Amino acid sequence: PHVPLFLRYGFLSGRRGRCPSLVTAVDATGSGSSTPLSLSGDWRIGRLASQQARLAEALQSSPAGLDLDASEITHIDTLGLQLLAVFVQQCLRRQITIHWSARPSLLQESGDRLGLGTLLAWPADASA
């Protein structure tokens, strides 16, 4: 069966191998050097190819930090959350700081229910 590339480690960099340890560093304040990245639309399995391409482009641009605004995400499923978690972890491994400027309750509740808050590098206060 076909396995989507983003389910394999290194989906954004083309590398394959064992998944390295969890990275949890986060930029809680959002710095002036952060690049804004707006996440919007449908993040369910049938529509993730374009989302994956946007994330790969953002990662390849190698910004010092990313200011993620997910306020316009309308739908998300487990695979969409996993895609975001892998993206955030790859950013942090590359020492790209992450700041969540906005998270809709849909994203917050789904991530919390699945225990992905740490992987998504959400601030401890759980409100962005």
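The values are calculated or read from the model by the stated rules, or taken from the named source; none is laboratory data. Everything numeric in this text was worked out from a predicted model, so none of it was measured. Counting neighbours? That spans all protein chains shown, and the Cβs are built from the backbone with ideal geometry, glycine included. Surface areas here come from the heavy atoms of the whole protein model, side chains and all, with no ligands, DNA or RNA. Shrake-Rupley method; radii C 1.70, N 1.55, O 1.52, S 1.80 Å.
Some points to look at:
- So residue 112, is it modelled with pLDDT under 95 and of a type in the set (D, E, K, R): yes
- For segment 55-68, the set of residues classified as touching a Lys or Arg at 6+ places or on another chain (Cβ under 9 Å) and either buried (at least 21 other Cβ atoms within 10 Å of the Cβ) or outside any helix (DSSP H, G or I) (or both) consists of 62, 68, listed by residue number.
- Output for segment 69-121, where each listed residue is without any contact (Cβ under 8 Å) to a residue 24 or more places away in the chain, outside any helix (DSSP H, G or I) and either open to solvent by less than 40 Å² (accessible area, probe 1.4 Å) or at negative phi (or both): 117
- Residue list for segment 34-51, restricted to those being open to solvent by less than 70 Å² (accessible area, probe 1.4 Å) and of a type in the set (A, V, I, L, M, F, W, C): 37, 39, 43, 48
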